[in-house]
Amino acid sequence: MARQTLNDIVTYLETKLATNGDLKGNIYYTERDSTSPAIRQYGAHIWVPETDPLETERRYLGPRLTEMWTLKLDIVLNRKYADDRKSVSDSRGISYWIDTVMALLLNGTNSGVFESSEWNYLYTDETGDASVLKGEFNVEINNLYT
């Protein structure tokens with residue numbers, strides 16, 4: 001078992017999200033103080049929160065350490081709807097994206113490397129023509145330190 005790092009988690013997210021045709025090519029990772037990327041229609045923005053994204057605890061004897069990583073994962077919908085109800089009920093609206101991303105990232109194990117993973121939707125940020133679905137990606141890993 002190799003030790004997993006932040007880069008491994010970001011790479012996993014980029015790869016998993018790219019399986020959705022609408023997001024492919026529009027997935028961006030930025031540092032916490034960077035500006036949000038410009039997204040034409042649909043896209044994903046991965047970034048590290050202000051607080052430490054890593055929590056650890058010992059659950060096993062020996063060199064294994066349970067690590068809980070939390071990254072921010074926002075889904076950007078750069079569309080303007082005529083009314084608020086249409087933004088939810090549209091075939092590529094808010095409800096579709098919440099369900100799609102939750103299903104895509106729920107209990108992902110990255111070929112057995114992760115114990116569990118999930119994306120939690122927090123709220124929708126409406127700024128201008130864009131709707132940003134704010135969320136957190138949580139992953140549990142048992143890393144081996146020798």
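The values are calculated or read from the model by the stated rules, or taken from the named source; none is laboratory data. The structure presented is a predicted model; accordingly, all values stated were derived computationally and were not measured. Neighbour counts run over all protein chains shown; Cβ positions are idealised from the backbone, glycine included.
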Legend entry - Condition check for residue 60: part of a loop (DSSP other than H, G, I, E, B), surrounded by 15 or more Cβ atoms within 10 Å (Cβ to Cβ) and modelled with pLDDT under 95: no
Inset, instruction - Exactly one condition in (1) touching a residue at least 60 places away in the same chain (Cβ under 8 Å); (2) over 21 Å from residue 114 (Cα atoms) is not met by residue 12; state its number. - result: (2)
Legend entry - Residue that is farthest from residue 28 (Cα to Cα), among those in the stretch 67-91 that are at pLDDT below 90 and either assigned to a strand (DSSP E or B) or acidic (Asp, Glu) (or both): 83
Inset, instruction - Could you figure out which of (1) out of contact with any Ser or Thr (no Cβ under 7 Å at 6 or more places or on another chain); (2) surrounded by 11 or more Cβ atoms within 10 Å (Cβ to Cβ) isn't true of residue 25? - result: (2)
Legend entry - Flag if residue 66 is in contact with a Pro (Cβ under 8 Å, 6 or more places away or on another chain) and surrounded by 14 or more Cβ atoms within 10 Å (Cβ to Cβ): no
Inset, instruction - Select from the stretch 99-116 the residues that are surrounded by 15 or more Cβ atoms within 10 Å (Cβ to Cβ) and of a type in the set (S, T, N, Q) and write down the one among them that is modelled with the lowest pLDDT. - result: 110
Inset, instruction - Run down 52, 90, 99, 129 and say which single residue is acidic (Asp, Glu), in contact (Cβ under 8 Å) with a residue 24 or more places away in the chain and over 19 Å from residue 12 (Cβ atoms). - result: 129
Inset, instruction - Taking only the stretch 127-137 into account, find how many residues are part of a strand (DSSP E or B) and loosely packed, with under 13 Cβ neighbours inside 10 Å. - result: 1
Legend entry - Residue ID - farthest from residue 53 (Cα to Cα), chosen from residues in the stretch 92-126 that are in contact with a helix residue (DSSP H, G or I) (Cβ under 9 Å, 6 or more places away or on another chain) and in a strand (DSSP E or B): 126
Inset, instruction - From 36, 95, grab the single residue that is under 15 Å from residue 134 (Cβ atoms) and among the polar types (S, T, N, Q). - result: 36
Inset, instruction - With the condition kept exactly as written, say whether any residue in the stretch 2-24 is over 22 Å from residue 107 (Cβ atoms), among the β-branched types (Val, Ile, Thr) and at pLDDT 85 or above. - result: no
Legend entry - Selected residue (only one of 15, 11, 19 is over 23 Å from residue 128 (Cα atoms), exposed (fewer than 13 other Cβ atoms within 10 Å of the Cβ) and under 12 Å from the mean Cα position of the chain (by Cα)): 15
Inset, instruction - Being in a loop (DSSP other than H, G, I, E, B), within 18 Å of residue 69 (Cα to Cα) and touching a Pro at 6+ places or on another chain (Cβ under 9 Å) is the filter here, so list the residues in the stretch 16-56 that pass it. - result: 32
